[in-house]
1. Any idea which residue in the range 26-42 is nearest to Ala68 (Cα to Cα), counting only those that are surrounded by fewer than 17 Cβ atoms within 10 Å (Cβ to Cβ) and touching a residue at least 40 places away in the same chain (Cβ under 8 Å)?
2. Kindly check whether there is at least one residue in the range 49-57 that is touching a helix residue (DSSP H, G or I) at 6+ places or on another chain (Cβ under 6 Å) and surrounded by 13 or more Cβ atoms within 10 Å (Cβ to Cβ).
3. Among (1) crowded, with 17+ Cβ neighbours inside 10 Å; (2) free of Cβ contacts under 8 Å to residues at least 12 places away in the same chain, there is one condition Ser113 misses while meeting the rest; what is its number?
4. Mind listing just one residue for me: the one in the range 70-101 that is of a type in the set (Val, Ile, Thr) and out of contact with any Gly (no Cβ under 9 Å at 6 or more places or on another chain) and, of those, modelled with the lowest pLDDT?
5. Yes or no: the range 91-103 includes at least one residue that is assigned to a loop (DSSP other than H, G, I, E, B), without any contact (Cβ under 8 Å) to a residue 24 or more places away in the chain and exposed (fewer than 15 other Cβ atoms within 10 Å of the Cβ).
Amino acid sequence: MDQPDEEKERRHPSDERRHHPRTYLGLPVRVHFAGEPHTITLELVDISLGGAYFRTSGRRPRRGQWLALGFVTGERQVCAARGRAVRVDESGFALTFDAVNSALQSFLEDLKSHVQRAA
């Protein structure tokens, strides 16, 4: 049975705030927490033009903390972005992007077109 719209909104309010569709990846990426000397490898669960969600059982940022991420594609393009943690939960955290480099922008556009073709 379908749930009333009001109940759906109550259960998933963050879905209403998203401006870009998410693509699920499960990709290991390097993440740097502002103010810390080292990067760590975390799982990039999903990503969109506006942000990303990371799974971690260890280190989590504070809400509002700046972070940077980076990974290398199969075509040897270095994808990088920076942003702030906007949500932190028991499974990980969400980041909203402040800036992405051209390689990441191209990667995201390629992902979007690939997902649309597959649908």
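The values are calculated or read from the model by the stated rules, or taken from the named source; none is laboratory data. Values in this document were obtained by computation on a predicted structure and should not be read as measured data. Virtual Cβ from ideal backbone geometry, glycine too; neighbours counted across all protein chains shown.
1. Checking each candidate, the answer is Arg30.
2. The answer is yes, given that some residue of the range 49-57 is touching a helix residue (DSSP H, G or I) at 6+ places or on another chain (Cβ under 6 Å) and surrounded by 13 or more Cβ atoms within 10 Å (Cβ to Cβ).
3. So the condition that Ser113 fails would be (1).
4. For the range 70-101, the residue satisfying everything is Thr73.
5. Going residue by residue through the range 91-103, those that are assigned to a loop (DSSP other than H, G, I, E, B) are 91, 101.
Subset that is without any contact (Cβ under 8 Å) to a residue 24 or more places away in the chain: 101.
With the extra rule that they be exposed (fewer than 15 other Cβ atoms within 10 Å of the Cβ), the set shrinks to none.
Among the residues of the range 91-103, not one is assigned to a loop (DSSP other than H, G, I, E, B), without any contact (Cβ under 8 Å) to a residue 24 or more places away in the chain and exposed (fewer than 15 other Cβ atoms within 10 Å of the Cβ), which makes the answer no.
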